[in-house]
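Encoded as structure tokens, the structure appears first; notes follow it.
The values are calculated or read from the model by the stated rules, or taken from the named source; none is laboratory data. Predicted, not measured: the structure shown is a model, and the values here were computed from it. Counting neighbours? That spans all protein chains shown, and the Cβs are built from the backbone with ideal geometry, glycine included.
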Amino acid sequence: MTLWELNTKQQALIISVKSELAENVKERLSEMGIQVGRDIQCVRKGPLGGPIVMQLGGSVFAIEENLAAQIEVEARN
Amino acid sequence: MQRILMVGKPNSGKSLLFNQLTGLRQKVANYPGVTVEVKRGQCAGFEVVDLPGTYTMRGLSRDEEIAIREITQSIERDDTSLVVCVLDATRLERSLVLGLQVQQLARENNKSVIFALNFIDEVRRIGEDVDTEALSKELGSPVMALSARTLDGLHEFKTSMLEIAAAPEEYKPSNSIGKGESAVHRSQELAGKYGLKLDVVLRNQNSVDRFLLNSWTGSVVFLAVMFVLFQSIFTLAAPLMDGMESLIGSVAEGVSAVTPEGIVADFFNDAIFGGLGSFLVFVPQIMVLTLIIGLLEDSGYLARAALMCHRPLSAVGLSGRSFIPYLSGHACAIPAIMAARTIESPHKRMITMLTIPLMSCSARLPVYALLVAVLVPEDGTFLGIFGMQGAAFFGLYFFGIVVALIVSQFLNRFLPRDLEESDMPFILELPTYRLPHWKPLTFRVIDSGLQFVRRAAPIIFMVSVGIWILGYFPMESKLQDSWLGQIGHFIEPVFAPMGLDWRYGVAILMSFLAREVFVGALGTLFGMDGAEDDVGGLAERIQADGLTTGAGLGLVLFYVVALQCVATVAMLKGETGSNKLAWGLYVAYGVLAYLIAVGVNFFF
């Protein structure tokens, strides 16, 4: 499944970041802590169907669908 | 003077720390606004430079690129003695990414570094602490815990900072990440060892967000905040504007008391106090709006508002990040166009910049105020609670926003886009909710007023003098026969379809330099000096003169849409790099406004 499909409060493990993303975007994701093997938690689905809010590495981020759908995760529970 | 640089990620409390170190004297380069400024102050014989915030030294958006360039150049300069990296103790991993990158850069350039671990009070409040000594050893540069808000550790930090800055040779980083090495893994490792173990802070934040980012309650709160914001532009600013008006009035009286009657007195009365004074009245309004936007930003709500708006704005080709420039566009388009730099996608940034001029900036207020007073009865109410005139104001603001969204949709469809760069994604960090501190806010508010005056005063002054000369000469002639009158009659046919005569034509033509000019010009033309000091009086004159509803409505909508501000065109030219585009937009909005006005006049 992808990050976009996570439910509220669901924990997941990052499996892969799709390679078709631009290099500088992948770099930015990595600097945010989105790296293979790390835990990520969906804090809530975005308001009005907007960007998903997720937590990792002690910070909270919102990212939009076309990016979140490029991040492959494995739900923990 | 040797310099101390301050670097840190957004929301790391850098601005407050800067204020605490430098006190009252500071200079802001660039326009006030969101994330686009460099501030300079002094601290014990050193110049302290507050550089713009960024998350990383590898930027995606224009504002980050500018920040990175500024940081790099500043560190390379010979007169830089020390780099202060501000870290957020509650978000160590995220702030260390930049911290490590900056430390590496400083080490390459033989500069010393000190880490300021800010917000330590929030860490201690939940019963944790950070082992700064061990962290210093691992980082290879001193780490000092402090809170710029509660002043914990601030004195010690300042002492150490000045000590190091005085003898930077002895405090060069003894360690740093290697060239090309990623800061990410190292910051994860360090944050794992020294960062917060409990996520109490985040849990509190998330439970507030459950309410504020909910589709229903979040939308209600968002609309309520916007309503209060626009309402307070009027209610909070009104007494200040009255005060400003009477101040200018008494200065004018004082001056006319000492100048002999004649051409000099006429010049001071009509050109200086009538023209320039009418525009100074709007300075308080800009400051009030800056204050409210500052409160929203520093409390952390602005990021949530941007998130709430992302989906609806995406529908017309904009981003949630377009919300902040749009909002500050209601004060003045110029800082708003700069704030659009935070939008990652160049395509969306371009659309945002091109539509910002449709936001009803405060320069339009005198025009709205006059025409609403003419068209809408003062004692009428709307739905029983809102004054009709107030509702009319909201209607005008709303009309501007709707036109902006329609134009955005159009531009999104037809603007050529660079596919390579067009789909930069929307990524937004949600900062911790915090009580805003008065110090940085005060500076921001005062600065916004000063910048506005500095930027707009010269042009308003020139236009006022120009109108006055054209209207005053040839000597002893009636206004009808003055040079201005002759020009007016020449251009009258253009304005006839709008249902307006030559006097409106002249006022509109003049206001293509700056729209604030309209009321003053019309006031002079209606034979009333100092008209804008008493808008009601001019409104009665116009009513008596017989302005049809259609023509009046068309005229006010004309002012919503038309881009009558040379300063905005100059700004657009600078930011888009295209002279043709900026002036093209000027003409396009002018034509659109004209067509709307003619249409409204025709149908009503």
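Collect the residues in the range B:118-137 that are away from chain A (no Cβ under 14 Å) and in contact with a Ser or Thr (Cβ under 8 Å, 6 or more places away or on another chain), keeping them in residue-number order.
B:Asn118, B:Ile120, B:Asp121
Could you list all residues from the range B:5-40 that are over 16 Å from B:Ala339 (Cα atoms), at pLDDT below 80 and touching a helix residue (DSSP H, G or I) at 6+ places or on another chain (Cβ under 8 Å)?
Selection gives B:Gln26 alone.
Would it be correct to say that B:Ser219 is part of a helix (DSSP H, G or I) and within 11 Å of chain A (Cβ to nearest Cβ)?
Yes, satisfied.
Is it the case that B:Val102 is of a type in the set (A, V, I, L, M, F, W, C), within 15 Å of B:Met6 (Cβ to Cβ), within 14 Å of chain A (Cβ to nearest Cβ) and more than 28 Å from the chain's Cα centre (by Cα)?
Here the answer is yes, as B:Val102 does meet what is asked.
Taking the options B:Met388, B:Met359, B:Met338, name whichever one is of a type in the set (A, V, I, L, M, F, W, C) and at pLDDT 90 or above.
After applying the criteria, what remains is B:Met359.
Name, by its number, the condition in (1) in contact with a helix residue (DSSP H, G or I) (Cβ under 7 Å, 6 or more places away or on another chain); (2) closer than 30 Å to A:Gln41 by Cβ; (3) touching a residue at least 60 places away in the same chain (Cβ under 8 Å); (4) not assigned by TED's automatic domain parsing to the domain that holds B:Val48 that does not hold for B:Gln205.
Status for B:Gln205: all satisfied but (1).
In the range B:425-450, which residue that is hydroxyl-bearing (Ser, Thr, Tyr) and within 14 Å of another protein chain (Cβ to nearest Cβ) is nearest to A:Met32 (Cα to Cα)?
So, considering only residues that are hydroxyl-bearing (Ser, Thr, Tyr) and within 14 Å of another protein chain (Cβ to nearest Cβ), the one nearest to A:Met32 (Cα to Cα) is B:Thr432.
Filter the range A:2-22 for residues that are of a type outside the set (A, V, I, L, M) and facing chain B (nearest Cβ under 10 Å) and give the result.
A:Thr8, A:Lys9
Look at the range B:79-89 and say how many of its residues are surrounded by 24 or more Cβ atoms within 10 Å (Cβ to Cβ) and outside any strand (DSSP E or B).
Residues in the range B:79-89 being surrounded by 24 or more Cβ atoms within 10 Å (Cβ to Cβ) and outside any strand (DSSP E or B): 1 in total.
Mind checking which residues of the range B:117-156 are of a type in the set (S, T, N, Q) and either assigned to a loop (DSSP other than H, G, I, E, B) or not assigned by TED's automatic domain parsing to the domain that holds B:Ser12 (or both)? First the steps, then the outcome.
Residues of the range B:117-156 of a type in the set (S, T, N, Q): B:118, B:132, B:136, B:141, B:147, B:150.
Hits for the range B:117-156 are B:Ser141, B:Ser147, B:Thr150.
Check off (1) under 34 Å from the mean Cα position of the chain (by Cα); (2) surrounded by fewer than 20 Cβ atoms within 10 Å (Cβ to Cβ); (3) at pLDDT below 75 for B:Arg203 and give me the number that stays unchecked.
Evaluating B:Arg203 over (1) under 34 Å from the mean Cα position of the chain (by Cα); (2) surrounded by fewer than 20 Cβ atoms within 10 Å (Cβ to Cβ); (3) at pLDDT below 75 leaves (3) as the failure.
Among the residues of the range A:65-77, write down those that are within 8 Å of chain B (Cβ to nearest Cβ) and either basic (Lys, Arg) or touching a residue at least 12 places away in the same chain (Cβ under 8 Å) (or both).
A:Leu67
Condition test on B:Leu371, is it crowded, with 24+ Cβ neighbours inside 10 Å, modelled with pLDDT under 90 and more than 24 Å from the chain's Cα centre (by Cα)?
So B:Leu371 fits the description; yes.
Would you check which residues across the range B:281-311 are among the small types (Gly, Ala, Ser) and part of a helix (DSSP H, G or I) and list them?
B:Gly294, B:Ser299, B:Ala303, B:Ala305, B:Ala306
Taking the residues in the range A:55-64 that are out of contact with any Phe, Trp or Tyr (no Cβ under 9 Å at 6 or more places or on another chain) and at the interface with another protein chain (Cβ under 7 Å from one of its Cβ atoms) as candidates, determine which candidate is nearest to B:Asp199 (Cα to Cα).
A:Gly58
For the structure I just gave you, tell me whether B:Ser81 is touching a Lys or Arg at 6+ places or on another chain (Cβ under 6 Å) and touching a residue at least 60 places away in the same chain (Cβ under 8 Å).
Details: touching a Lys or Arg at 6+ places or on another chain (Cβ under 6 Å): no; touching a residue at least 60 places away in the same chain (Cβ under 8 Å): yes.
The answer is no for B:Ser81.
Sort out which residues of the range A:35-54 are in a loop (DSSP other than H, G, I, E, B), farther than 20 Å from B:Ser319 by Cα and at the interface with another protein chain (Cβ under 10 Å from one of its Cβ atoms), and write them in order of number.
First, pick out the residues of the range A:35-54 that are in a loop (DSSP other than H, G, I, E, B): A:35-38, A:45-46, A:50-51.
From the residues that got through so far, the ones that are farther than 20 Å from B:Ser319 by Cα too are A:35-38.
Answer for the range A:35-54, where residues must be in a loop (DSSP other than H, G, I, E, B), farther than 20 Å from B:Ser319 by Cα and at the interface with another protein chain (Cβ under 10 Å from one of its Cβ atoms): A:Gln35, A:Arg38.
If B:Leu92 meets every condition in (1) surrounded by fewer than 24 Cβ atoms within 10 Å (Cβ to Cβ); (2) within 14 Å of chain A (Cβ to nearest Cβ); (3) not aromatic (Phe, Trp, Tyr) apart from one, which number is that one?
(1)
Would you please name the residue that is farthest from B:Glu108 (Cα to Cα), looking only at residues in the range B:157-209 that are more than 14 Å from every other protein chain (Cβ to nearest Cβ) and assigned to a loop (DSSP other than H, G, I, E, B)?
So, considering only residues that are more than 14 Å from every other protein chain (Cβ to nearest Cβ) and assigned to a loop (DSSP other than H, G, I, E, B), the one farthest from B:Glu108 (Cα to Cα) is B:Ala167.
Restricting to the range B:294-313, give me the number of residues that are facing chain A (nearest Cβ under 9 Å) and surrounded by fewer than 20 Cβ atoms within 10 Å (Cβ to Cβ).
2
What's the number of the only condition in (1) modelled with pLDDT under 90; (2) of a type outside the set (Val, Ile, Thr); (3) more than 18 Å from B:Lys573 (Cβ to Cβ); (4) surrounded by fewer than 22 Cβ atoms within 10 Å (Cβ to Cβ) that B:Phe410 fails to meet?
(1)
Go through the range B:90-101 and report how many residues are touching a helix residue (DSSP H, G or I) at 6+ places or on another chain (Cβ under 6 Å) and either in a loop (DSSP other than H, G, I, E, B) or among the aliphatic types (A, V, I, L, M) (or both).
Here is the first cut: in the range B:90-101, the residues touching a helix residue (DSSP H, G or I) at 6+ places or on another chain (Cβ under 6 Å) are B:90, B:92-93, B:96-97, B:100-101.
Subsequent filtering for residues that are either in a loop (DSSP other than H, G, I, E, B) or among the aliphatic types (A, V, I, L, M) (or both) retains B:92, B:96-97, B:100.
Residues flagged as touching a helix residue (DSSP H, G or I) at 6+ places or on another chain (Cβ under 6 Å) and either in a loop (DSSP other than H, G, I, E, B) or among the aliphatic types (A, V, I, L, M) (or both) within the range B:90-101 amount to 4.
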